[in-house]
Amino acid sequence: MSSHNHSPGSGGFHDAGSPHDLAPLYAVDALDPQERADFEQHLAGCAQCRAEVEDYSEVGASLAAGAAQEAPPELRTAVLSAISGTRPLPAEEVTSLSDRRRRRTRTVLAAAAAAVLVPGIALGGWALGVQSEQREQEQIAAAEQGRENRLLAAPDVTTRQLDVNGVPATLVVSRDADSALFVAGDLPDPGEGREYQLWLLEEETPIPNVRFDGGDDVRIWLSGNVADAGAVAMTVEPEGGSETPTLPLLASAEL
């Protein structure tokens, strides 16, 4: 775009290098009230700015049709950055005023479109991510509930009560289902660098099993060969677990 001399009354334009640079902002309604009033005063005596506003408004209308919304604060920054980043044409290149104006229009409105559309795309992606995570959590919860229901429906299901340093806990066991669930509420934290560990006792040999922390609602599935175990024991072990139990035992129950 060719440069202009500043006209009188343009002193209020402090964010752009020239009142003419505010034409794209005026076209997409991104000026504050004082700047808008100052620019309209300038516009009345500037035929080129009126032509530029018309150009910007025509292309901006097509953007608004696809994403009608109030101009975000980022729009102003994007448009002014596009203006300041527009390179002047080489001196030897002869280009008509209308061609230069169209070229600048495309540059500025591309920035404006990005400012309007990119946040919407990001928001849409975030919403899809949240929905996907919610579905995954629902599927996990449904699978867990189904597993518990199958254990409780087993013909030989039994429960064993444990006392973990004064905290009541329950072991739900089915040999037929080869499954066992440890349940406790308000189980205290085992301490820094330590964790709880369950053990299956097979012919009096302790087999290391699952490890876990405390919490308000602890529900831990045992792994391994539950059907052949004669008892379950619980200890506190160093973080990472142990191959042999650290005495004393916190709790134990015969199966």
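Here are a few things to note about the model shown:
- The slack between residue 202 and residue 127, meaning 0.36 nm per residue of separation minus the straight C-alpha distance, is 22.0 nm.
- Distance between the 7 Å Cα→Cβ label points at residue 217 and residue 153: 2.2 nm.
- Amide N proximity, segment 235-255 versus residue 228 label position 7 Å along Cα-to-Cβ, cut-off under 18 Å: 255
- Computed FRET value (nearest 0.05) for residue 254 with residue 134, which takes r as the C-beta separation and R₀ as 35 Å: 0.25
- Net charge, residue 177 excluded, C-beta distance under 13 Å - Lys, Arg +1, Asp, Glu -1: -1
- Annotation: peptides 144-151, 205-212, 230-237, ranked by per-residue average of other Cβ atoms within 10 Å with the highest first, follow the order 230-237, 205-212, 144-151.
- For segment 138-208: rounded, prolate or oblate by the Cα gyration tensor [a/c cutoff 1.5]: oblate
- Distance between the modelled labels on residue 141 and residue 242, one decimal in nanometres: 3.8 nm (7 Å Cα→Cβ projection).
Any read-out appearing in this document is the output of simple, stated calculations on the displayed coordinates, not a laboratory observation. Everything numeric here is computed off the predicted structure, so don't read it as measured data. Every residue, glycine among them, receives a Cβ derived from its backbone with ideal geometry; neighbour counts consider all protein chains shown.
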